[in-house]
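This report concerns only the one structure given below.
The values are calculated or read from the model by the stated rules, or taken from the named source; none is laboratory data. Note that the coordinates shown come from a computational prediction; the quantities given were computed from them, not determined experimentally. Because the Cβ atoms are built from the backbone with ideal geometry, glycine has one as well, and the counts that use them run over all protein chains shown.
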Amino acid sequence: MNLHEYQGKEILNSFGVEIQRGIVATTPAEAVEAAKRLTEETGTGWHVIKAQVHAGGRGKGGGVKLAKNLQEVEQIAGNIIGMNLVTPQTSAEGKKVHQVLVAEDVYYPGDSEPEEYYMSVLLNRGTGKNMIMYSTEGGMDIETVAEETPHLIFHEEIDPATGLMPFQARRIAFNLGLNGQAFKQMTKFVTALYKAYENSDSSLFEINPVLKTSDDKIIAVDAKVTIDDNSLFRHKDYEAMRDLREENPTEVEAKAVGLNYVDLDGNVGCMVNGAGLAMATMDLIKQAGGEPANFLDVGGTADAERVEAAFKLILKDPNVKAILVNIFGGIVRCDRVAQGIVDAYKNMGTIHVPIIVRLQGTNADIAKEIIDNSGLDVHSAIEFQEAADKVQAVLA
């Protein structure tokens, strides 16, 4: 589950991570009131107005602006709220902005120049350990840094048996070139950041930039936080932060009816039981000359109601030219699935794309008879290659 910047900062701050303070606003008038309140609380004279959408690169799309007075706060907030923000991480249509974060200006003058760093905490799947990845090149796309100056990216792997050790936090501060008060503040920041990551059951914390202010404070200016969906039963307060407006509406609908669905860009819809079989089915479609339009796992209970819901989800995509149903009947009986497909087809009326059905496992022979005798425009298959050939034929 992805969070907005302001929500991620709330979690960070609850574990002692210093953050750039801000207040959320949904209208220009609220933005002005937020700016006034921040001025009273922090003394900041300028304010940063940030679009709150689930996408990076907001500044490049015009979603992050500096306001030097209240009139500019109102004007900038009015321009950003309601806009379709297009960034390198959105579609061409962009994402509609429903709210902005009015944040304090932390780039104030002082004894030294502010410096920006990159820092993230995530799982290294290769080693099975958590990892802190960091760089002196903050404020830039980390992909660009990795490509052009890979020697400026550092990694600190954490043994899950011991957690983050003090010497590791100090090594991070040292590699970032810090000393004195900034060194101490960075070790404190890293320790709190890792504690937040572990205790919030997150799968990603990305802070870009981490700022060393002109008076040697270390703060999180941005926050990209992804919470592990499987842990939400332990964090009801985090679950309440979910913004469904930011998620794919078809995927939201699928989740509501208990289906595992991921929208893709292809032309062949998939309906499968089991994640492994789903991946193999997508490979099958590619080999047949098509492109998978979705990942859809109906699970072990593929009755008529569930199959009908799956068909409706797939057919919401106008790019779908064919549907491949690939079910292995281990626990579930194939004849029951076949009858569910026939019933769902009849309940939905005319389906204007060809359907290829491959059922293997318990009562597969009976299932084939049900499909073949249904009188519907449904093509049955037994072997993987036969299903691939039929997909290829209907796409030709």
If you check ILE351 against the conditions, is it buried (at least 20 other Cβ atoms within 10 Å of the Cβ) and farther than 13 Å from VAL272 by Cβ? no
Residues located in the range 233-262, provided they are in contact (Cβ under 8 Å) with a residue 60 or more places away in the chain and over 26 Å from ARG58 (Cβ atoms): GLU253
Of all residues making up the range 121-152, the number that are surrounded by fewer than 16 Cβ atoms within 10 Å (Cβ to Cβ), β-branched (Val, Ile, Thr) and touching a residue at least 24 places away in the same chain (Cβ under 8 Å): 1
Tally the residues that are of a type outside the set (Phe, Trp, Tyr), touching a residue at least 12 places away in the same chain (Cβ under 8 Å) and part of a helix (DSSP H, G or I), restricting the search to the range 382-396. 9
Output the residues belonging to the range 60-110 that are surrounded by fewer than 18 Cβ atoms within 10 Å (Cβ to Cβ), among the basic types (Lys, Arg) and modelled with pLDDT under 95. LYS60, LYS96
Considering each residue of the range 65-110, count those that are among the acidic types (Asp, Glu) and free of Cβ contacts under 8 Å to residues at least 40 places away in the same chain, and give that number. 2
Just to be sure, is LEU164 part of a loop (DSSP other than H, G, I, E, B), of a type outside the set (S, T, N, Q), modelled with pLDDT of 95 or more and in contact with a strand residue (DSSP E or B) (Cβ under 7 Å, 6 or more places away or on another chain)? yes
Out of curiosity, is GLY45 surrounded by 16 or more Cβ atoms within 10 Å (Cβ to Cβ), in contact (Cβ under 8 Å) with a residue 12 or more places away in the chain and either at negative phi or in a strand (DSSP E or B) (or both)? no
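May I ask you to say which residue of LEU122, LEU178 is closer than 18 Å to ASN208 by Cα, assigned by TED's automatic domain parsing to the domain that holds THR213 and assigned to a strand (DSSP E or B)?
LEU122
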Just one listed residue, out of GLY258, GLY269, GLY290, is crowded, with 18+ Cβ neighbours inside 10 Å and assigned to a loop (DSSP other than H, G, I, E, B), and it is GLY290
